[in-house]
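The structure appears below as structure tokens.
The values are calculated or read from the model by the stated rules, or taken from the named source; none is laboratory data. Model, not experiment: these values are computed from the prediction. Glycine gets a Cβ as well: all are built from the backbone with ideal geometry, and neighbour counts include every protein chain shown. Protein only, heavy atoms only, side chains kept; ligands, DNA and RNA dropped before computing areas. Shrake-Rupley method; radii C 1.70, N 1.55, O 1.52, S 1.80 Å.
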Amino acid sequence: MEINWDIELNTIGLACTILAWMLLAFWLWRTYNLQHIEERPDLWKVMITVFIGLFSFSLNLPLFDEVLSLAVLPLGVWISYGILKRNERWQAYRKYAWIGFLGNYIFFGAAILAIGLSGLFYPKDSIETYLADVSKVVLIPIHPSGKEVDLNITKLEESLVSFEREHANVVQWYEEIREQKLPTEENIEPEKAQEKFPYLLTGVEAKAGEHVQVYVELDGKGLLVTTEDRQYYFRSNTASFLKERGSEE
């Protein structure tokens, strides 16, 4: 059982959610005013009926790299019917229970609209979506294998356009690190593992307003962006915003 208005609360998602609620409220208001005054239930009871009608059995559908819930069984309508049929008031409330259930499709459409607009304004394949403002970023070593380096923010800003999204082979990265820890025939003692992403960029601001973590590859030419539900790997062959301490510009 699920109410289907779960949209990521960035600016676009919030706007689409508000729009969906406004459409549902207008539908309720119009139906209520068209109903004969003698048959009208109390408004607060109508609102409760609509809310209960939103409850449904839903199917999770993978669409546009997201998982959306599609209402298929009107559980809230059945609940309302079970309660109201005893008082012979079902006919007066029936349309509001169905407004609630069908409202799930309004929220479903709002979710698709939010995804489409987010893809237009916040393209997932662009590193600038996640690093919209890097003026206050700080580089923090998070693994001993990271060299002593300094961050050149100006060069970081200039190099962002050179980053392109590539496939993140997390399994291969893990196997490479694991093999480093295992002893070999030539070397009985296992070597110290060299972390692929030993640095973390803090103070990053994303366009969508979501919280992201950005890990920097050892050579300074790869960025691993981690959001709440997935990771994106970006690579540049020309980036040079990391400088070893003591070296010249």
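Through the Karplus equation 6.51 cos²θ - 1.76 cosθ + 1.60, θ set to phi - 60°, convert the phi angles of the stretch 150-157 into ³J(HN,Hα) values in whole Hz; use x for Gly and Pro.
Going residue by residue, I get 10, 9, 9, 5, 4, 5, 4, 4 Hz, with x marking Gly and Pro.
With a Cα-only, solvent-free Debye model of the stretch 101-168, what are the log10 I(q)/I(0) values at q = 0.12, 0.18, 0.19, 0.22 Å⁻¹?
With one equal scatterer per Cα and no solvent, log10 I(q)/I(0) is -0.55, -0.86, -0.91, -1.05.
Give the long-range amide H neighbours of residue 205: residues separated by 5 or more places, or on another chain, with amide H under 5 Å away, using H modelled in the peptide plane at 1.01 Å from N.
132, 133
Leaving out ligands, DNA and RNA, and with a 1.4 Å probe, what % of the accessible surface on the chain is carbon or sulfur?
That fraction is 57 percent.
Which one is right for this structure if semi-axes √(5λ) of the Cα gyration tensor in Å is calculated from it: [x] 31, 23, 16; [y] 54, 21, 13; [z] 31, 19, 17?
Recomputing semi-axes √(5λ) of the Cα gyration tensor in Å here gives the entry labelled [y].
Only helices at least 30 Å long along their own axis, judged from Cα atoms, and with Kyte-Doolittle mean hydropathy of -1.0 or greater: name those in the chain from DSSP H.
Once both thresholds are applied, what remains is 11-34, 90-121.
Set the bar at 31 Å for Cα to Cα. Now go through 95/124; 207/243; 136/221 and name every pair that lies beyond it. Before the final figure, lay out the partial values.
On the way: 95/124 41 Å; 207/243 27 Å; 136/221 20 Å.
Pairs exceeding the cut-off: 95/124.
Quick check: the distance between the Cα centres of the stretch 70-97 and the stretch 55-69, to the nearest angstrom?
24
Distance in nm between label sites at residue 78 and residue 211, each 7 Å beyond Cα in the beta-carbon direction?
3.8
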